[in-house]
1. Multiplying the sequence separation of Asn180 and His51 by 0.36 nm and subtracting their Cα-Cα distance, what value in nm do you get?
2. Mind listing the long-range amide H neighbours of Gly140? Cut-off is under 5 Å, sequence gap 5 or more, other chains count too, H placed in the peptide plane at 1.01 Å from N.
3. Quick check on segment 56-299: what are the equivalent-ellipsoid semi-axes from the Cα gyration tensor, as sqrt(5λ), descending, whole Å?
4. Could you order peptides 59-69, 224-234, 147-157 by the average number of other Cβ atoms within 10 Å of their residues, highest first?
5. Within segment 24-68, which residues have the backbone N less than 13 Å from the label spot 7 Å out from Asn75 along Cα→beta-carbon, could you tell me?
6. Accessible area of the chain with a 1.4 Å probe: how many percent of it is carbon plus sulfur?
7. Give me D for the chain in µm² s⁻¹, whole number, from Stokes-Einstein with Rh from the Kirkwood sum over alpha-carbon pairs, 37 °C and 0.692 mPa s.
8. For Trp422 and Cys231, compute 0.36 nm times the residue count separating them, minus their Cα-Cα distance, and round to one decimal in nm.
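The values are calculated or read from the model by the stated rules, or taken from the named source; none is laboratory data. Every value quoted in this text rests on a predicted model; they were computed, and no experiment measured them. Quick reminder, even Gly has a Cβ in these numbers, built from the backbone with ideal geometry, and neighbours come from all protein chains shown. Areas reflect the complete protein model, heavy atoms only, side chains present, ligands, DNA and RNA absent. Shrake-Rupley method; radii C 1.70, N 1.55, O 1.52, S 1.80 Å.
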Amino acid sequence: MFNYYIKIAWISILRHWGLSLLMVCAIGLGIGATMTTITVNYLMSANPIPHKSEQLYYVQLDSWDVNDPFDEGQNPPDQMTYTDSTNLMKAKKAFRQNVQAQAFAVIEPSDPDILPLIVDGRANSTDFFAMFDVPFIYGGAWSASADENKEQVVVLNKETNDKLFGGENSVGQSIKIDGNMFSIVGVIDHWQPKPRFYDITTGAFNESEDIFVPFSLIAEEKIGRSGNTNCWKPSGDGFQAFLNSECIWTQFWVELKTPQEKQSYMTFLNAYVEEQKQYGRFERPLDNRLNTVTEWLEVQEVVADDAKMMLAMALMFLIVCLLNTVGLLLAKFLGKAPEIGLRQALGASKSTLFYQYMIESACIGLAGGLLGLFLAYLGLQGIEALYGEYMQGLATLDLNMMVLAVTLSLLATLIAGIYPTWRACKVQPAHQLKCQ
C-alpha cells in the first residue's frame, strides 16, 4: 500500500508540477540557508579532542592591575606571565604540563636552489605532543632533558618536511633556523585541529605551526617570539626585563586525569598565588581557574555572536518558507476537493486520505531537502571563497549535517502539511458530488 501511495503522490506532483516546483524551491531555499549557518556554527563549536577534552585544562591566574581588572573583572587574563608559567613548570604538579607561545623564524635550506622559508613556529614543552595527540610520521617529541638543557632541537610539520627534504625521513638531520643549527627529532603528520583550541589567542581557526621548538629557547633568544602580548605596567629595558615583567604572553595547559587531581592542582595554584602575594604581586582577589577544552572555547567565545545571529535569522527564514509552503499545500489539496469527495463516496476513509496526502507532503519535503543540500554546498563554497583560509575545513557538509538537512526538511514539510491535509479531509462528499 505504501508503494501505491508513493506512485499516487508522484502522479499528483507531476500533474501540478508548477505548484510542486514552487514548494520544492521554497523548502530548498529555507533548508539551504539554514544548513549553511548550522554547519558553520556546528563545526566552529565542535569538540576538537573529544576523547580527552575533560582531562585537559587551560590555566588562568589573575595577576592583573588591581585598579583596572582584566576583561572588566569577568575573567582573569587569557594568558600568563613568563615568570608564572616557568614557576608552574618547575613545580611539576600535573600529570602533564605544557608552556607555550607563538614564534616565528626563517629556515635557511642547505640546498642553495631553495629560497629561505619564513615559517610560523610554536615554542612549547615536550608534553605538548602527548597532551594534544599530535601524530608523527617520523621520529617523535624531544626529551624532557632537551627542555631543561635548552637543546636546539626541532619538530617539523609534514608540509615543511616535504619542501625541505622531499617528504623523506629527515630525523637526525640538521637545519639552520635564524642562523642557529637545529637537529630534527620528529616530523608530524597533517594536523589541523578545528578550532585550534591549544592557542585561541592568536586565532581559533588559524593553521597549525610549521615548526615546534623547546620553549626554553625563547629566553635564550634562539628563536623569535610573536603572538599577542598585553602589559598593564612598563616592562623596563631589555629582553630580560621583559621576561621578568607582568606582561602576559604565554599559555599554560595541564593534563589532569581525575577530579581529585584537578582539586589537588587547584589547591596548589591557590597556594602559589598566596605565596606570590607576599612578594607584592597578585594584588587582586584570588581568581584562579582551570578550564576544560570545551569550557575554554566557550569562555573565548569561539562561536561569535554575529554567527549566532545569522543562525537565528536563517531559522526565521526557514519558518517563512514553511508558511509559504502551508499556503501552497492548502491551495493544492483544496483544489482536489471533487476528487476527495468522490473517493470518500466510494469508501475511502479520512485516515486513508490523510495518510496519502501526508506521504505526498513528505515526497515534496524530500525533494526540497535534496535541493537544500545542494544550495547549502554552494553557500559553504561561497563562504570559503570569501573568507579563504579562515574558513578552510569549516565549510564542509559532513554526513551528520546531510542527514540533519534531509530530516529537518521532512519534518518541516510534514508539520507544514498537517493543516492543509486536515482541511482537505474535512471535505463533505455529498456537497462535492452535488456540485459536480
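1. 42.6 nm
2. Gly186, Val187
3. 32, 20, 16
4. Most protected by this proxy first, the peptides run 147-157, 59-69, 224-234.
5. Only 58-61 fall inside the zone, counting backbone N under 13 Å.
6. Carbon with sulfur: 58 percent of the solvent-accessible area.
7. Approximately 126 µm²/s, per Stokes-Einstein.
8. Gain in length upon complete extension: 62.0 nm.
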